[in-house]
Amino acid sequence: MSVLRRAFGPRTSHLAALRVDLLRVDRTLLRGADPAAGLALAARLATGGDPDPHHGTRVGSLAVRLSGQLGWTASAARQLGAAAALHDIGKHALPRSLLEEPGPLSARQRAQLVLHTQAATWLLGGLVHPVLQLAATVGRSHHERWDGLGYPDRTAGIATPLPARIVAVCDVWDALTHPRPYRPAFPESQARIAVQSMAGTALDPELAAALLALDPPCETISPSSAP
């Protein structure tokens, strides 16, 4: 706990309680309980870390569509969607003031932001249910970049797991097309240009192209349509 406290400071107790809740969800799923209910609970636990409570739901739904476009089976796509809904669970480690910062981040704030991917590993690591294991991978690696300049591990290209690369594209699209504390939402035409500009640098170019081939890539998604 002392190592955790050094990393996450005053958020440590909150993270420890969330870890207990996730362990309980894991055990419930492994006992054969209704998986949809268990994963919905995990997704609700994740939403408390993001100022936009529907961001995870939208990213999960878009990940289902994109993985289906790539030829994944319906079952595998649904699993990825459920895992993707948890991609930002590590934001529970960050102060709300950082997540709602309206201006450019300082170097110290950027260093803090990196911690949310490591927090996801701590929260989800060692869980046994396949979707939660997939969520651990996605939670850690969805900010890696195709060019190797992302975080936390600076993996490049296909060294970053495919599920995380898919979620990265979906995460970027959703962030562009919805309001953020520091800017309004982009119109779809501008978001398309932005994604095209990131293909081959921040984003896997094939996945970026597949996203833009969806018709339409951006749609209004209600919480009830979560995977």
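A few points about this structure:
- Longest exposed-site-free window of the chain, the sites being GluC sites (Glu not before Pro) in a DSSP loop that have at most 13 other C-beta atoms within 10 Å: 101-218
- From the C-alpha gyration tensor of the chain, square roots of 5λ in Å: 25, 22, 16
- Relative contact order of the stretch 39-87, pairs being alpha-carbon contacts under 8 Å that are 6 or more residues apart, as %: 46
- Dividing the helix sum by the residues of the chain, where each DSSP H run of 4 or more adds -39500 (n - 2.57), gives a mean residue ellipticity at 222 nm of -18500 deg cm²/dmol.
- The chain: relative contact order in percent, alpha carbon pairs under 8 Å with at least 6 residues between: 21
- According to the calculation over all Cα-Cα pairs in the stretch 70-133, the P(r) per 5 Å bin from zero is 4, 16, 20, 19, 13, 12, 9, 6, 1 %.
- Of the trypsin sites (Lys or Arg not before Pro) in the stretch 1-72, the ones in a loop by DSSP (not H, G, I, E or B) with at most 13 other beta carbons within 10 Å are R31.
None of the figures in this text is laboratory data; all of them are computed from the coordinates on show. All figures in this text were calculated on a predicted structure; none of them were measured in a lab. A quick note on method: Cβ atoms are made from the backbone with ideal geometry, for glycine too, and the neighbour counts reach across all protein chains shown.
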